[in-house]
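Below is one structure, written out as structure tokens, with a few remarks after it.
The values are calculated or read from the model by the stated rules, or taken from the named source; none is laboratory data. Predicted model, so just to flag it, every value in this text is computed and none were measured. Quick reminder, even Gly has a Cβ in these numbers, built from the backbone with ideal geometry, and neighbours come from all protein chains shown.
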2 protein chains.
Amino acid sequence: MSPATEQEISRNNRAFEAAVAARDMDALAAAYTADARILPPGGEMVSGRDNIRQFWDGAIAALNVASVRLETLSFEAAGDTGYEVGRATLHPAGGGPSMQAKYVVVWKRQDGAWKWHVDIWNASA
Amino acid sequence: MSPATEQEISRNNRAFEAAVAARDMDALAAAYTADARILPPGGEMVSGRDNIRQFWDGAIAALNVASVRLETLSFEAAGDTGYEVGRATLHPAGGGPSMQAKYVVVWKRQDGAWKWHVDIWNASA
């Protein structure tokens, strides 16, 4: 990918990490497009940024997540659509064992900004 | 998507379903590109058609899958890349309760044929 795209992808992912650490749900939701969909394990698909915001608000509390780290393994763009394959590491509050997940994110560039449009993940163990 | 693309997408998915029902691992593997990746829940990523073939051979036996049905909820193509969001229903041999999953597949058109290039799924309950 181009250096500019790489920078934007990384910026969006780092902003998500910062939002989780700060439990800043507005900033977290801003990582997604308005009509994004997430496909969380063990539940139904969640559609739309507001519903996604609610999902994460509940999930971060339920899993007691202190922070998350995203690692992009590959990213490929075709026009204004891209897809990323990556790994996520979730660190629980209180220092318990971290959780490893892997994910695929379909990205969309809207109004010049790359955002998450479809987000699916599962546990690695 | 164009009717031709829709037909090809459907054909590949129906071929996968038929391959699972017949436990025809060569036909199953042919749904994927040679350098495809799958991200199965509870395990590490599996790369390459031969390794994916082996994974499914073991998983279908372990889960005692008699048949699978794939339902495309959305498909969008940009050039020779596409992405699909869908639901899968797995029917175990012996008539036990079916399992519901959801998935995202990144498709690639190679030599004129659309194939699965990245495949990730998780349970819906």
(request) Return yes or no: is B:Leu39 touching a residue at least 40 places away in the same chain (Cβ under 8 Å) and of a type in the set (A, V, I, L, M)? (result) yes
(message) For region A:50-71, which positions are at pLDDT below 95 and basic (Lys, Arg)?
(response) none
(request) Taking the residues in region B:34-75 that are β-branched (Val, Ile, Thr) and more than 14 Å from chain A (Cβ to nearest Cβ) as candidates, determine which candidate is nearest to B:Val106 (Cα to Cα). (result) B:Ile52
(message) Pairs needed: first member in region A:102-125, more than 7 Å from chain B (Cβ to nearest Cβ); second member anywhere, assigned to a loop (DSSP other than H, G, I, E, B) and of a type in the set (D, E, K, R); C-beta distance under 8 Å; at least 6 residues apart or different chains.
(response) A:Lys108/A:Asp80; A:Arg109/A:Asp80; A:Gln110/A:Asp80
